[in-house]
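To start, the structure itself, in structure tokens.
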Amino acid sequence: AAVGGVLVTVKGGDRLLVQREQVQLAQGRFEARGREAGAGGPLMERLVHLEVNGDRHTLAVAPNVTLLTALRDHLGLPGTKRGCDNGDCGSCTVLLDGEPVKSCLVLAVACEGRSVTTIEGLASDGRLHPLQRSFVAHGAVQCGFGSPGMILSAKALVYRTPAPTEADVKRALG
């Protein structure tokens, strides 16, 4: 947090210091480059406050930006993979308030005040999460592209159902 203002992350990871009064006057809307949105013009960016991997962030995003794009392009978290971009493959899966969602189908503005966990957020003190270690130990990583989504889906399953059946696992991992 910045003294006297709010640090806002915009596409590309640039951070801007915005005075709190400007944020309040904008009522949740922020135009990073001072453009006016008109007919056929650029969309007005909005401030979105969310927690990602335990850290609070304020992002300036257009209303049509997906959570996937916000995580990768605004916050520089490449572990959430861009696959099919239509919700079929699951490589973009993250946990939203503890539940697995396909981040290519969720708008970033819909995540206001919510908590997001990406694959980068599972490791602690430089040590892989037990599920990550298990995937590696059992050769379940394959090419690695879909592994983050599978691991996060498995984490949500084990949290909800501490002793899942084979059917539970198949349903959760699709």
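Observations on the model:
- Residue, most open to solvent (accessible area, probe 1.4 Å), within segment 138-171, restricted to residues that are in contact (Cβ under 8 Å) with a residue 40 or more places away in the chain and part of a helix (DSSP H, G or I): Tyr159
- When segment 61-99 is limited to residues that are free of Cβ contacts under 8 Å to residues at least 60 places away in the same chain and in a strand (DSSP E or B), the one that is nearest to Arg160 (Cα to Cα) turns out to be Glu99.
- Qualifying residue in segment 102-117 (condition: open to solvent by less than 30 Å² (accessible area, probe 1.4 Å) and assigned to a strand (DSSP E or B)): yes
The values are calculated or read from the model by the stated rules, or taken from the named source; none is laboratory data. Please read all numbers here as calculations on a predicted model, not as lab measurements. With ideal geometry, Cβ positions are generated from the backbone for all residues, glycine too; neighbour counts draw on all protein chains shown. With ligands, DNA and RNA removed, areas are computed over all heavy atoms of the protein, side chains included. Shrake-Rupley method; radii C 1.70, N 1.55, O 1.52, S 1.80 Å.
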